[in-house]
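Asker: Input: one structure, supplied below.
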Amino acid sequence: METDKIAEQNYFMHQAVELAKSNLTTLKGGPFGAIVVKNGVVVGRGSNSVTSLNDPTAHAEIMAIRDACRNLNSFQLDDCEIYSSCEPCPMCLGAIYWARPKKLFFAASREDAAVAGFDDSYIYQQIPLPTEQRDLPTMQLDNTEAKNVFQLWVNSELKTPY
């Protein structure tokens, strides 16, 4: 039984890696692919499309999440698994947590990606720093109006919590 599950996981990972590999000929973006699986069925696919869409957020995992959410008509990926050809970058990892799948699988590590020229270590180092210590100048402005919007949200009976 366990052997069957491992074979299924390898099968889906192969699909994610094939999406990454296809970008070597389609030139849509970098060599990254991802799929979303629910109950043994692929419900979302994505390959990196950063350069073809001129969109720095068009990473494979983001594209697969968007595709799956459209196909499932849901903003969450309950009971889904994500297979990514590479360990997700900080942006994609955040999106994956927001999508709430039950499991994430990846093949290549972030260190493998760095060797290929996709090094996210700088971002990983910047994230835990206090905003005033980050290299990107960041300043909080008056938050009165924004806090009022949050209070309106809290009081709203029309909201869809997520």
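Asker: Output the pairs from Lys21/Lys103; Lys28/Lys103; Lys38/Lys103; Lys38/Lys102; Lys103/Lys159 with a Cα-Cα distance over 19 Å in this structure; if there are none, say none.
Answerer: Over 19 Å Cα-Cα: Lys21/Lys103; Lys28/Lys103; Lys103/Lys159.
Asker: Relative to the longest principal axis of the C-alpha atoms of the chain, give the angle of the C-alpha long axis of helix 90-99, reported between 0 and 90° and rounded to the nearest 10°.
Answerer: 90
Asker: Still on this structure, I have one more. Probe radius 1.4 Å, ligands and nucleic acids ignored: give me the carbon and sulfur share of the accessible area of the chain as a rounded percent.
Answerer: On the way: 6220 of 10830 Å².
Of the solvent-accessible surface of the chain, carbon and sulfur hold 57 percent.
Asker: May I pose another question? How big is the convex hull of the Cα atoms of the chain, per residue, in Å³?
Answerer: Per residue, the Cα convex hull of the chain comes to 162 Å³.
Asker: With a 1.4 Å probe and all protein chains in place, put Leu53, Leu27 in order of accessible area, largest first.
Answerer: The ranking, largest first, comes out as Leu27, Leu53.
Asker: Calculated from DSSP H runs of 4 or more alone, at -39500 (n - 2.57) each and per residue, what is the 222 nm mean residue ellipticity of the chain, nearest 500? Walk me through the intermediate numbers first.
Answerer: Working: 7 runs with 76 residues, N = 162.
Using -39500 (n - 2.57) per qualifying helix, the result is -14000 deg cm²/dmol.
Asker: Considering only the chain, what is the antiparallel percent among its DSSP beta bridges, to the nearest 5? Before the final figure, lay out each step's value.
Answerer: Numbers: 11 of 16 bridges.
For the chain, the DSSP antiparallel bridge percentage is about 70.
Asker: Among Ala107, Ile96, Thr160, whose Cα projects farthest towards the positive end of the dipole of the stretch 57-162, with charges put on the beta-carbon of Lys, Arg (+1) and Asp, Glu (-1)?
Answerer: With unit charges placed on the Cβ atoms, the residue in question is Thr160.
Asker: Here's another thing I want to ask about it. Lys/Arg Cβ at +1, Asp/Glu Cβ at -1, dipole of the stretch 1-48 taken about the Cα centre: which of Ala20, Asn39, Thr3 is farthest positive-ward?
Answerer: It is Ala20, whose Cα lies furthest towards the positive end.
Asker: I'd like the FRET efficiency for Thr160 and Leu129, computed as 1/(1 + (r/R0)^6) with the beta carbon distance as r and R0 of 25 Å, rounded to 0.05.
Answerer: E(calc), rounded to 0.05, equals 0.15.
Asker: Further question: Give me the 1.4 Å probe accessible area per residue for the chain, excluding ligands and nucleic acids, in Å². Please list the in-between numbers first.
Answerer: On the way: 10830 Å² over 162 residues.
Averaged over the residues of the chain, the accessible area is 67 Å².
Asker: Suppose every K and R has +1 on its Cβ and every D and E has -1 on its Cβ; what is the size of the dipole of the stretch 51-129 about the Cα centre, in Debye to the nearest 20?
Answerer: Its charge dipole is roughly 260 debye.
Asker: Moving to a separate point now. Looking at the chain as a GNM with Cα springs under 10 Å, which of Gln140, Gln125, Gln15 has the largest mean-square fluctuation?
Answerer: Residue with maximal mean-square fluctuation among Gln140, Gln125, Gln15: Gln140.
Asker: Then there's this: For the chain, what's the relative contact order in percent, using C-alpha pairs closer than 8 Å and at least 6 residues apart?
Answerer: Details: 253 pairs, mean separation 24.2, N = 162.
Relative contact order here is 15 percent.
Asker: For the stretch 47-162, with the dipole built from +1 on Lys and Arg beta-carbon atoms and -1 on Asp and Glu ones, taken about the Cα centre, which of Gln76, Cys86, Asn143 lies farthest toward the positive end?
Answerer: So the residue we want is Gln76.
Asker: Right, next: Taking the Cα centre of the chain as origin and charging only Cβ (+1 Lys, Arg; -1 Asp, Glu), how large is the dipole, in debye to the nearest 20? Walk me through the intermediate numbers first.
Answerer: Values: 14 positive and 20 negative charges, 80 e Å.
The calculation lands at about 380 debye.
Asker: Suppose R0 equals 35 Å. What FRET efficiency, 1/(1 + (r/R0)^6) with r the Cβ-Cβ distance, do Leu53 and Val149 give to the nearest 0.05? The partial results should precede the final answer.
Answerer: On the way: r = 30 Å, r/R0 = 0.87.
With R0 = 35 Å, the Cβ-Cβ based efficiency is 0.70.
The values are calculated or read from the model by the stated rules, or taken from the named source; none is laboratory data. Fair warning: this is a prediction, and the values are worked out from it, not measured in the lab. As a convention, Cβ positions derive from the backbone with ideal geometry for all residues, glycine included, and neighbour counts pool all protein chains shown. Ligands, DNA and RNA are stripped out before the accessible areas are found, and what is left, the full protein with its side chains, is counted by its heavy atoms. Shrake-Rupley method; radii C 1.70, N 1.55, O 1.52, S 1.80 Å.
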